[in-house]
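The values are calculated or read from the model by the stated rules, or taken from the named source; none is laboratory data. In this text, all values refer to a predicted model and were calculated from it rather than measured experimentally. Cβ atoms come from the backbone with ideal geometry, glycine included; neighbour counts cover every protein chain shown. Accessible surface is based on the protein model in full, side chains and every heavy atom, while ligands, DNA and RNA are left aside. Shrake-Rupley method; radii C 1.70, N 1.55, O 1.52, S 1.80 Å.
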Amino acid sequence: MKPAFSSRKILLRKIEEKEKDIKFATESAAVTEVLLIEDAGFLEADSGETTTQFTQKQIANSVDITAAAKSFELNLEFGPYRAKYTKNGRHLVIGGRKGHVAAFDWLTKKLHCEINVMESVHDVSFLHLETMFAVAQKDWVYIYDNQGIEIHCVKRLNKVTRLEFLPYHFLLASCSDEGYLSWLDVSIGQLVFQFNTNLGRLTLLTQNPWNACLCLGHAKGVISMWSPNHREPLAKMLCHKAPISSVHVDPSGMYMATAATNRELKIWDIRKLEGPLQEYKLINAATNLAFSQKKMLAVGSGNIVEVYKDCCTQSAKRPYLRHRFNNSIGNFNFCPYEDILGVSTARGFTSVLVPGSGEPHFDTYEANPFQSKKQRQESEVKALLEKIQPDLISLDPTVISKVDVPTLRDKIEAKKKLLHLKPPKIKYEPKNKAKRKGGRTAIIAKKVRQEEAKKEFVKAKRASEVKVQQKKKGAYNVLDRFK
């Protein structure tokens, strides 16, 4: 009993020390909030003006030199292009339909690699670090490093149309032209799950950062949510009466925006799976949607992109910003921790300034835009140690931290019953029932007599063997027979 008691005391002491550390961290964070003086900031128009009148040239001339340098344009000839940022927003990878792929640090404009894969490129995505990125090419998915060297070719992912990377699970999710949905674990290089959704060609894919579920848009106006643990969708939402043209979930996992070909735009609370919060009727059907960290929504249709502010909680009367391009839009993404909207078009890439769209404060343990090589290596090891298993992906990620009360109650009641149960009565029936007169007692007496006779026989046999041995030794006399 003493070792168990001492181990219990050690465990209680560790719990108390951990609670003290948590309390100290909370108090320190509250004290240092005064030092966070950065503000997101927004465009403010004078009386009689609107923010949509401001052009990118006017905004770039009004901001500081550092912010103005973030607005640039790349004129390329291998489009239409698709682009993705890293988790910390520092690096960018672009891929053109005609085979042009490039990765670079867009802040310093330092080029990591630039290659031509000599076949069509449908989508690109960074993996857990900027040193590796995936490219969905004509037939298969290829993994390249930041030097442009091919690391791996995943032939089980064929005819992929869209890619999404789940950073906390190390899963590369993809949907294909043949209707297959796949999850590839890049830490061990194995395919976790792959099945046919039986919903036709899949071209609209996005992830919910809150629970890591995948959201697919379909031609029947339905949004389906998928997990690698089930062959059937976890949930289905009939969002529109027309085919879905675009879908996106905001980084906090609270709101989902959907657009259809009938020019409708709806905002949903994805946690409730109920009716839409806001409904809008657009001039043209939206082909691209993207949420920023500050709940701004970018809507792209044709060659025009419009940014709406506070459109989730209340009805937005007019756009916050509007920008027109010379070519049609391929896709766009808000850069994390920056007031930048990266738009890839049919003829290149453009970085658009959107004041107030990015989160001004970042956690260096979560995503550090200024990390060094050593910090990057340490963060990779830490992320691998804290990797979440694919089995935990569900609609409600808080279920894992809750107690299953009905099951626990049943277990407790079962243990209580075991303590008060009486031993069961055993019905014993002998194999050989005595049917003769005397019953069981006569059979036992007969066996006793047989055992005694057997003992006497053995005793006599041993005595005769002793006499034979004495005769052989010469100790036997002829007159011994008269004894």
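Pro430 versus (1) at pLDDT 75 or above; (2) open to solvent by less than 60 Å² (accessible area, probe 1.4 Å); (3) of a type outside the set (S, T, N, Q); (4) farther than 22 Å from Cys213 by Cα: which is the lone unmet condition?
Failed condition: (1).
What tally of residues in segment 190-241 results from selecting those that are crowded, with 16+ Cβ neighbours inside 10 Å, in a strand (DSSP E or B) and in contact (Cβ under 8 Å) with a residue 40 or more places away in the chain?
Qualifying residue count, segment 190-241: 11.
Note down all Cβ pairs under 7 Å where the first residue falls in segment 141-155 and is closer than 14 Å to Phe126 by Cβ, the second is among the polar types (S, T, N, Q) and open to solvent by less than 20 Å² (accessible area, probe 1.4 Å), and they're at least six residues apart or on different chains.
Cβ pairs passing all conditions: Val141/Ser174.
Among the residues of segment 386-409, how many are assigned to a loop (DSSP other than H, G, I, E, B) and under 21 Å from Leu234 (Cβ atoms)? Let's see the steps before the verdict.
Filtering segment 386-409 for residues assigned to a loop (DSSP other than H, G, I, E, B) gives 386-389, 393-396, 402-404.
Then keep just the ones that are under 21 Å from Leu234 (Cβ atoms); that gives 388-389, 393-396, 402, 404.
The number of residues fulfilling the criteria is 8.
Looking at segment 298-318, can you tell me whether even one residue there is small (Gly, Ala, Ser), within 27 Å of the chain's Cα centre (by Cα) and in a loop (DSSP other than H, G, I, E, B)?
So the first thing to find is which residues in segment 298-318 are small (Gly, Ala, Ser), and the list is 298, 300-302, 315-316.
Retained after the next criterion (residues that are within 27 Å of the chain's Cα centre (by Cα)): 298.
Restricting the remaining residues to those that are in a loop (DSSP other than H, G, I, E, B) gives none.
For segment 298-318, residues small (Gly, Ala, Ser), within 27 Å of the chain's Cα centre (by Cα) and in a loop (DSSP other than H, G, I, E, B): absent.
Output yes when any residue across segment 50-71 is farther than 22 Å from Val354 by Cβ and either exposed (fewer than 10 other Cβ atoms within 10 Å of the Cβ) or of a type outside the set (D, E, K, R) (or both), and no when none is.
Within segment 50-71, the first condition is being farther than 22 Å from Val354 by Cβ, and the residues that meet it are none.
No, there is no match, as no residue in segment 50-71 is farther than 22 Å from Val354 by Cβ and either exposed (fewer than 10 other Cβ atoms within 10 Å of the Cβ) or of a type outside the set (D, E, K, R) (or both).
Look at segment 150-191 and say how many of its residues are in contact with a His (Cβ under 9 Å, 6 or more places away or on another chain) and aliphatic (A, V, I, L, M).
Pass one, segment 150-191, residues in contact with a His (Cβ under 9 Å, 6 or more places away or on another chain): 159-163, 165, 167, 170, 177, 183, 185-187, 189.
If we keep only those that are aliphatic (A, V, I, L, M) as well, we get 160, 163, 186.
Residues meeting the conditions: 3.
Restricting to segment 78-121, give me the number of residues that are within 24 Å of the chain's Cα centre (by Cα), within 19 Å of Trp140 (Cβ to Cβ) and open to solvent by less than 20 Å² (accessible area, probe 1.4 Å).
Residues in segment 78-121 being within 24 Å of the chain's Cα centre (by Cα), within 19 Å of Trp140 (Cβ to Cβ) and open to solvent by less than 20 Å² (accessible area, probe 1.4 Å): 1 in total.
With among the aliphatic types (A, V, I, L, M), at pLDDT 95 or above and closer than 22 Å to Gln371 by Cα as the only criterion, which of Val93, Val141, Val135 stands out?
Details: Val141 fails: closer than 22 Å to Gln371 by Cα; Val135 fails: closer than 22 Å to Gln371 by Cα.
Unique residue meeting the criteria: Val93.
Going through segment 360-404 one residue at a time, which ones are hydrophobic (A, V, I, L, M, F, W, C) and under 26 Å from Gly253 (Cβ atoms)? Explain how you work it out, then say what you get.
Our first condition is that a residue be hydrophobic (A, V, I, L, M, F, W, C); within segment 360-404, this holds for 362, 367, 370, 381, 383-385, 388, 392-393, 395, 399-400, 403.
Within segment 360-404, Phe362, Ala367, Ala383, Leu384, Leu385, Ile388, Leu392, Ile393, Leu395, Val399, Ile400, Val403 qualify.
Which condition breaks for Gly148 when tested against (1) at pLDDT below 95; (2) under 30 Å from Tyr365 (Cα atoms); (3) within 19 Å of the chain's Cα centre (by Cα)?
(3)
Given Leu172, Leu163, Leu157, which one is open to solvent by less than 20 Å² (accessible area, probe 1.4 Å) and either of a type in the set (Gly, Ala, Ser) or in contact with a Leu (Cβ under 6 Å, 6 or more places away or on another chain) (or both)? I'd like the intermediate steps shown before the answer.
Values: Leu163 fails: either of a type in the set (Gly, Ala, Ser) or in contact with a Leu (Cβ under 6 Å, 6 or more places away or on another chain) (or both); Leu157 fails: either of a type in the set (Gly, Ala, Ser) or in contact with a Leu (Cβ under 6 Å, 6 or more places away or on another chain) (or both).
Going through Leu172, Leu163, Leu157 in turn, just one is open to solvent by less than 20 Å² (accessible area, probe 1.4 Å) and either of a type in the set (Gly, Ala, Ser) or in contact with a Leu (Cβ under 6 Å, 6 or more places away or on another chain) (or both): Leu172.
Check segment 352-365 and report whether any residue there is part of a helix (DSSP H, G or I), open to solvent by 80 Å² or more (accessible area, probe 1.4 Å), among the acidic types (Asp, Glu) and more than 24 Å from Thr52 (Cβ to Cβ).
Just the residues of segment 352-365 that are part of a helix (DSSP H, G or I), to begin with: none.
Looking for residues that are part of a helix (DSSP H, G or I), open to solvent by 80 Å² or more (accessible area, probe 1.4 Å), among the acidic types (Asp, Glu) and more than 24 Å from Thr52 (Cβ to Cβ), one finds none in segment 352-365, hence no.
Among the residues of segment 287-305, write down those that are farther than 13 Å from Thr258 by Cβ, open to solvent by 10 Å² or more (accessible area, probe 1.4 Å) and free of Cβ contacts under 8 Å to residues at least 60 places away in the same chain.
The answer is Lys295, Ser301, Gly302, Asn303, Ile304.
For segment 266-274, check the following and say yes or no: at least one residue is modelled with pLDDT of 90 or more and open to solvent by 60 Å² or more (accessible area, probe 1.4 Å).
First, pick out the residues of segment 266-274 that are modelled with pLDDT of 90 or more: 266-270.
Narrowing further to those that are open to solvent by 60 Å² or more (accessible area, probe 1.4 Å): none.
Checked against the condition, which is being modelled with pLDDT of 90 or more and open to solvent by 60 Å² or more (accessible area, probe 1.4 Å), segment 266-274 yields no hits at all.
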